[in-house]
Ligand SMILES: [Mg+2]
């Protein structure tokens, strides 16, 4: 059934996790997910970390060992994305302009995945969750590793609050329902 694109649907995470590697291959496979669109900044690593660490490399290895494909889809610039992806060798897009659809759809096309078997992982509701829901895939959200503390970012977090609350309310009585 096609979900209605209400603001509440568009911005509410489908599942929330403490950190990216809590989104395990087992969880993904049990939800029929075979491909991921993954944000970089504050999801996998803070802005000032230019290269993936062992934890990140292990995560992608664990995904690929069970046949789950992954693409990096970042709104950051190509220098950031290319350097970060140098040793990972994933399908990767810079300047993605999330929450718009174009790059997300292109990344899915490159992975050969469909809306039925793809999910997005990110830290921001207004780009990552909204982008995922714009194309009709689930949004798995982690809290930002390190927030930029300027006024614009604090304002965005404030906007996100009711939707985080809504998610928690929906799921507090049913932890199995992730
Ligand atoms: Mg981010």
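Could you work out the relative contact order of the chain, using alpha carbon pairs under 8 angstrom and six or more residues apart, expressed as a whole percent?
The normalised contact order for the chain reaches 30 percent.
Evaluate 2.2 N^0.38 Å with N set to the residue count of the chain, then give the Cα radius of gyration divided by it.
Working: Rg = 15.2 Å, N = 178, 2.2 N^0.38 = 15.8 Å.
That works out to 0.96 for the chain.
Below 8 Å, C-alpha to C-alpha, sequence gap of six or more: please give me the relative contact order for the range 79-151 in percent.
Over the range 79-151, the number comes to 25 percent.
Could you give the length gained on full extension between residue 106 and residue 62, defined as 0.36 nm per residue of separation minus the Cα-Cα distance, in nm? Provide the component values of the computation, followed by the final result.
On the way: separation 44, 0.36 × 44 = 15.84 nm, distance 2.39 nm.
Separation in residues times 0.36 nm, less the Cα-Cα distance, equals 13.5 nm.
Return 65, 96 ranked ascending by Cβ neighbour count within 10 Å, so the fewest neighbours appear first.
Working: 65 9, 96 24.
The fewest-first ordering by Cβ neighbours comes to 65, 96.
Please find the FRET efficiency linking residue 26 to residue 51, where r is the Cβ-Cβ separation and R0 is fixed at 30 Å, and quote it to the nearest 0.05. Provide the component values of the computation, followed by the final result.
Working: r = 27 Å, r/R0 = 0.91.
Here the calculated transfer efficiency is 0.65.
Which ordering of 56, 137 is given by a fewest-first count of other beta-carbon atoms within 10 Å?
With the sparsest Cβ surroundings first, the list reads 56, 137.
Can you compute the helix-only [θ] at 222 nm over the chain? Use -39500 (n - 2.57) per DSSP H run of at least 4 residues, normalise by all residues, nearest 500 deg cm²/dmol. Mind dumping the intermediate values first?
Details: 7 runs with 68 residues, N = 178.
-11000 deg cm²/dmol, from helical runs alone.
Could you line up 140, 47 from fewest to most neighbouring Cβ atoms inside 10 Å? Intermediate results must be reported in sequence, preceding the final value.
Working: 140 28, 47 13.
Least to most surrounded, the residues fall as 47, 140.
Only the coordinates and a few stated rules stand behind these numbers; no lab work does. Here the structure is a predicted model, which means the values were calculated and not measured. Methodologically, a virtual Cβ is constructed for each residue, glycine included, from the backbone with ideal geometry; neighbour enumeration extends over all protein chains shown.
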